[in-house]
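Asks: My structure is below; once you've seen it, I'll send some questions.
Quick note: the coordinates plus some simple rules give every number you see, no bench work behind them. Just so we're clear, the structure is a prediction, and the values are computed from it rather than from any experiment. Because the Cβ atoms are built from the backbone with ideal geometry, glycine has one as well, and the counts that use them run over all protein chains shown.
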Amino acid sequence: MTPEVRTARPDDAPAVTALIGELGYPAETGEVHRRLATLPPGHVVLVSVEGERVTGWLHARHGTSLVHGDRLEIVGLVVAADRRGAGEGGSLLVAVEEWARDRGLTAAQVLSGSERNAAHAFYRGRGFRTVKTEQVFVKSLVGER
Ligand SMILES: CC(C)(COP(=O)(O)OP(=O)(O)OC[C@H]1O[C@@H](n2cnc3c(N)ncnc32)[C@H](O)[C@@H]1OP(=O)(O)O)[C@@H](O)C(=O)NCCC(=O)NCCS
């Protein structure tokens, strides 16, 4: 069965939050509701839906850089553990690639954690190739001036 894919709404926040948990990150429904309601221009969140149940989401943006120019950047993607392998991730990807083409974008990229081997197989099977491995650095900006 081909899942329905549509743009996320703020009231999808409870299901989206639960799926963020499956990605391994704690999240708070109210905060996710706020983020969905205030997405910056050039961002899109798509959800896959089976009946009334939201079973996957994909967040992407129209990214730009001095080095690479404009491209589709996939920021996050997850399908519910009990629904994986049924084509939902693929449907979300096809839909966001269409969104990107409509904006004139000609390339896509995704950063995927080195431990996510199943996801790497998923992307490779859909035309992505690995170009490099990077380290991610983060820093708190609170309380330091
Ligand atoms: C990666 C992910 C989004 C793919 O979604 P999906 O709905 O299972 O993908 P599809 O059914 O469209 O495609 C299945 C493909 O994904 C891969 N895959 C990943 N996990 C799988 C699973 N549990 N069962 C079956 N296939 C899986 C396989 O390579 C499969 O390839 P194939 O179609 O050539 O056999 C999903 O596995 C997931 O949510 N993983 C955990 C979170 C994650 O790693 N997200 C990516 C972060 S960058």
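Asks: Let me see the pair-distance distribution of the chain: every alpha carbon pair, 5 Å bin width, integer percents in order.
Replies: Pair shares across the bins are 2, 9, 17, 21, 21, 17, 9, 3, 1, 0, 0.
Asks: How much mean residue ellipticity at 222 nm does the chain get from its helices, if each DSSP H run of length 4 or more adds -39500 (n - 2.57) and you divide by all residues, to the nearest 500 deg cm²/dmol?
Replies: Details: 4 runs with 43 residues, N = 145.
Calculated mean residue ellipticity at 222 nm is -9000 deg cm²/dmol.
Asks: For the stretch 100-141, list residues with backbone N below 19 Å from a point placed 7 Å from the Cα of Val67 toward its Cβ?
Replies: 106-114, 129-139
Asks: Follow-up. Counting only DSSP beta bridges with both residues in the chain, tell me the antiparallel percent, nearest 5. Let's see the in-between values first.
Replies: On the way: 22 of 25 bridges.
The answer is about 90 percent antiparallel.
Asks: Write down the Å³ per residue value for the convex hull defined by the alpha carbon atoms of the stretch 39-88.
Replies: 92
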